[in-house]
Amino acid sequence: MLRIKGGKVYDPAHGLNGVVQDICVADGKIVADVPPGCREIDAAGLFIFPGGVDIHTHVAGAALNFARAMTPENQRQATKFFHTAKRRTGIGGPTPTTFATGYLYAGMGYTTVFEAAVPVLSAKHTHEELSDTPILDKGCCVLMANNEILLDLLQQGDVERAKHVVAWLIWAAKAYGVKAVNPGGVAAWKWGGNASAMSEPVSGYSQVTPLKIVSSLARIIDELKIPHPLHLHCNNLGAPGNYTTTLETMKALEGNRAHMAHLQFHAYGGDDWHTMRSESQAIADYFNAHPNLTCDAGAVLFGNAVTITADGPWQHLLYQLTGRKWGNIDVENETGCGIVPYSYKGSNLVNAVQWAVGLELLLLIKDPWRIFLTTDHPNGACFWRYPEIIHMLMNAAFRRERVKKLPEKVLPRIVLPDLNREYSLYEIAIITSAGPARALGLKNKGQLGVGADADIAIYHENPDGEYMFRYPRYVLKGGEVVVEDGEIRHQMGGREFIVHPSYDPKIEDFLRPLFQQQYTMSFENYPVELERLEHPIIHPCE
Ligand SMILES: [Zn+2]
């Protein structure tokens, strides 16, 4: 039992904006009171936040391992975590290894993270790595919008059976949500194509368009009552002029919920790379008026990154543009994956627009409960650089200094210099914790009320938001002090959130012969066994 005494509490789920009060902890949960004489943390003058929740990151699985193997140069330069009595070894850098991932997230006050892209076919590997990632609670989204079994059912107009297949695949992957990546485009990529026009049939189909995939999946996810809405990576990621695709996609949802992933990569105007400009205002205007939507920023920071995505055709284009290394994986009939190491440069006009657009969306989208802090790690920047973005959001003068360093030619293409909004600490607590927890449907996360998980980040006050949020005084996970002044004090395993949507068990009679005909793996070996997960928590679909 523990009393955290006299800190300023930032708990937006309960409207607490810097209110001085004690937080009491027993058995890993927040409780109303604890008896006198139990352990105390003197938090006078300190700032208390719910532990951070990352709604979209890439930290585990086959694609990550492929990226780690492809970038030994990053790993050689990266921070090394040496074994101590409290800590396992690991390597940092843009694609940290599993133990290091847990230390780096917890080290800046994050206690729950969601791996955004998992094929069922390699989900066992993902769960093994998630189990190896200490301290954090986790969950993952399974890739669905290019699964040929599903596309065939949409072609036949059999949406009811598609719904049962979706539910079966979610449980087979032991996933928490569903991710759509470049709907139809990844399937087409296996024959060298893409799906750029939203209402044109995907190659190989006459009745399936990207818009149909999006609207069908979003409706299915809502009908299955999956707590997190369809997690949507739109078509034409990264391409100049793609904001029209993003608007078309959002309109196709017809009121169904969706989480727009890494929106920064989908908010560009212009006709080509020479004319690319920000269209964050148009995207934010539509978004602000449609409460069925949430999003994460997918902000870009200058420096080294590794782009990892199921969006195979985009990655091939990025490889052609940069001449950097390129890795490609086709995941049988489910999805694909591409990897290209990348460096964002302030002197590069395209990169400068991207850097501005991420910040612009965070400043133009009015409701902080609907946009969350991410960098689409490690695509836009590494997650451990989040505090740099927090500082820019909180300090308009500092932001203006950074804008001055951009090439002058970029200024007419962005709106960032006109934006004077500054985030409060309360709003930072929303975009880093309370908001993403709500969008994930995790009632015990992102808040500090009685009954919540005792995941708590405690910071020193500092006018430099970057310094403040990079070095918490304490981080508690499930009521245990796991980080103190930057040192790992305690390392426990995390838990994993999954869902078990209902489906007709006879759907297996439909799927089994398809597997025998088409898959390289037997049907019985395909689903992830529940026992493989160390501490699964089955979240209700209701
Ligand atoms: Zn992503």
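The values are calculated or read from the model by the stated rules, or taken from the named source; none is laboratory data. It should be emphasised that the depicted structure is a prediction, and the values quoted were computed from it without experimental measurement. Glycine gets a Cβ as well: all are built from the backbone with ideal geometry, and neighbour counts include every protein chain shown. When the accessible area is computed, the model is the full protein with side chains, heavy atoms only, and any ligands, DNA or RNA have been set aside. Shrake-Rupley method; radii C 1.70, N 1.55, O 1.52, S 1.80 Å.
Applying 1/(1 + (r/R0)^6) with r as the Cβ-Cβ distance of Ala396 and Phe510 and R0 = 60 angstrom yields a FRET efficiency of 0.60. Report the normalised scattering of region 229-297 as log10 I(q)/I(0) at q = 0.14, 0.19, 0.22, 0.25 Å⁻¹, calculated by the Debye formula with identical scatterers on the alpha carbons. For the requested q values the scattering log ratios are -0.36, -0.65, -0.86, -1.09.
Which percent of the accessible heavy-atom area of region 48-497 goes to carbon and sulfur, probe 1.4 angstrom? Roughly 50 percent, rounded to a whole number.
Here each label is just a point 7 Å from Cα along the line to Cβ, and for Thr84 and Lys443 those points are 3.9 nm apart.
The stretch between Glu254 and Asn65, if pulled fully straight at 0.36 nm per residue, gains 64.3 nm over its current Cα-Cα span. Projecting label points 7 angstrom from Cα along Cα→Cβ for His290 and Ser522 puts them 4.6 nm apart. As an equivalent ellipsoid, the chain spans semi-axes of 35, 28, 22 angstrom, where each value is the square root of five times an eigenvalue of the C-alpha gyration tensor, largest first. A cut-off under 11 angstrom between Cβ atoms defines the neighbours of Thr374, and their net charge, with Lys, Arg +1 and Asp, Glu -1, is -3.
Using a cut-off of 29 Å between Cα atoms, the listed pairs Lys124/Lys179; Lys80/Lys404; Lys80/Lys477; Lys190/Lys212; Lys174/Lys477; Lys251/Lys325 include Lys80/Lys404; Lys251/Lys325 as exceeding that distance.
With contacts taken as Cα pairs under 8 Å and at least 6 residues apart, the chain reaches a relative contact order of 21 percent.
Computed about its Cα centre, the charge dipole of the chain is approximately 1020 debye, with only Lys, Arg, Asp and Glu carrying charge at their Cβ.
Rounded to the nearest Hz, the phi-derived 3J(HN,Hα) couplings of region 510-526 under the Karplus curve 6.51 cos²θ - 1.76 cosθ + 1.60 (θ = phi - 60°) are 6, 7, 4, x, 5, 5, 4, 7, 10, 8, 8, 10, 6, 4, 5, 7, 6, where x marks glycine and proline. Expressed to the nearest 5 percent, the antiparallel share of DSSP beta bridges inside the chain is 55 percent. With R₀ set to 51 Å, the beta-carbon distance separating Asp485 from Glu531 gives a calculated FRET efficiency near 0.85.
Rounded to whole numbers, the Karplus 3J(HN,Hα) couplings from phi for region 263-275 are 4, 3, 6, 10, 10, 10, x, x, 9, 7, 5, 7, 10 Hz, using 6.51 cos²θ - 1.76 cosθ + 1.60 with θ = phi - 60°, and x at Gly and Pro. Solvent exposure of region 48-497, expressed per residue, is 31 Å² of accessible area, with all protein chains present and a 1.4 angstrom probe. Once the chain from Asp367 to Met1 is taken as fully extended at 0.36 nm per residue, the excess over their C-alpha distance is 128.1 nm. Descending by average beta-carbon neighbour count within 10 Å, the peptides 26-38, 305-317 line up as 305-317, 26-38, the highest first. Computing FRET efficiency as 1/(1 + (r/R0)^6) for Glu223 and Asn17, where r is the C-beta to C-beta distance and R0 is 45 Å, gives about 0.75.
Neighbours of Val331 by Cβ distance under 15 Å: Lys/Arg scored +1, Asp/Glu scored -1, total -2. Near Ser433: Cβ cut-off under 14 Å, other residues only, Lys/Arg at +1 and Asp/Glu at -1. The net charge is -3.
Ellipsoid semi-axes for region 306-418, based on the Cα gyration tensor and the rule √(5λ), read 29, 18, 12 Å when sorted largest first.
Annotation: peptides 515-522, 152-159, ranked by per-residue average of other Cβ atoms within 10 Å with the highest first, follow the order 152-159, 515-522. Put simply, the amide H of Phe81, placed in the peptide plane, has neighbours under 5 Å in Gly90, Ile91, Gly92, leaving out anything fewer than 5 places away on its chain. Gain on full extension, evaluated as 0.36 nm per residue between Ser199 and Asp464 minus their Cα-Cα distance, stands at 90.6 nm. Under a 5 Å amide H cut-off, with hydrogens placed 1.01 Å from N, Leu2 pairs with Val25 among residues at least 5 apart or on other chains.
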